[in-house]
Structures are given as C-alpha cells and as structure tokens.
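> Got a structure for you, written out below as structure tokens; questions coming shortly.
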Amino acid sequence: MTEEKKITVEFAPGAFDGFDGTQEELDEIVAEITRMAESGELAERSREIDLDNLSEEELEILENIDIDTERKLQ
C-alpha cells in the first residue's frame with residue numbers, strides 16, 4: 001500500500017494583497033483552506049490542468065490572478 005503525501009499549505013507573502021473583504025472573512029478563508037488540506041478534501045477535490053490546453057473557465061481564472069513575478073518565496 002502506498003502512503004499518501006500530506007499536503008501542506010503555504011501562502012506567499014502578499015498573496016492576499018488584493019483581497020477586499022474583512023480580516024474576519026480572510027481568516028475564515030485561510031482556515032477553510034487549511035482544514036481542507038488537513039482532511040484530504042483539498043486533494044480529493046483538486047484536478048490537474050494542462051497549461052497548453054486550458055478551458056475558457058481556466059483562462060478566465062488565470063486572467064484574474066494578480067501575479068507579481070518579482071516576488072520570491074523565502
């Protein structure tokens with residue numbers, strides 16, 4: 001039997017700079033993502049995407065992500 005690798009969640013510095021909700025709402029989102037990772041639900045609900053063959057929905061999501069290519073994880 002193979003052992004599943006536990007998913008850990010790390011948020012890049014500034015990952016939520018564009019978030020316009022309250023601190024309480026942000027805390028709830030982070031807690032929910034962390035809970036989903038710990039329970040395995042995040043892995044179960046995830047799906048692989050082919051960057052060379054994106055759907056219209058995936059393209060729209062990527063267009064709405066503000067990525068700072070100069071930002072480096074520490």
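> State the number of residues belonging to the range 5-38 that are exposed (fewer than 11 other Cβ atoms within 10 Å of the Cβ) and hydroxyl-bearing (S, T, Y).
Residues flagged as exposed (fewer than 11 other Cβ atoms within 10 Å of the Cβ) and hydroxyl-bearing (S, T, Y) within the range 5-38 amount to 2.
> Can you find even one residue in the range 57-65 that is assigned to a loop (DSSP other than H, G, I, E, B), loosely packed, with under 11 Cβ neighbours inside 10 Å, modelled with pLDDT under 85 and not aromatic (F, W, Y)?
Taking the range 57-65 and keeping what is assigned to a loop (DSSP other than H, G, I, E, B), we get 64-65.
Narrowing further to those that are loosely packed, with under 11 Cβ neighbours inside 10 Å: 64-65.
Filter once more, keeping what is modelled with pLDDT under 85: 64-65.
After this cut, where a residue has to be not aromatic (F, W, Y) as well, the list is 64-65.
Scanning the range 57-65 turns up at least one residue that is assigned to a loop (DSSP other than H, G, I, E, B), loosely packed, with under 11 Cβ neighbours inside 10 Å, modelled with pLDDT under 85 and not aromatic (F, W, Y).
> Would you tally the residues in the range 11-42 being at pLDDT below 90 and of a type in the set (D, E, K, R)?
1
> Could you list, in sequence order, the residues of the range 40-51 that are surrounded by 11 or more Cβ atoms within 10 Å (Cβ to Cβ) and either in a helix (DSSP H, G or I) or within 14 Å of the chain's Cα centre (by Cα) (or both)?
Residues of the range 40-51 that are surrounded by 11 or more Cβ atoms within 10 Å (Cβ to Cβ), as a first pass: 40-43, 49.
Across the range 40-51, the qualifying residues are E41, L42, A43, I49.
The values are calculated or read from the model by the stated rules, or taken from the named source; none is laboratory data. Small disclaimer: the values here were computed from a predicted structure and weren't measured. In this analysis, Cβ positions are derived from the backbone assuming ideal geometry, glycine residues included, and neighbour counts consider all displayed protein chains.
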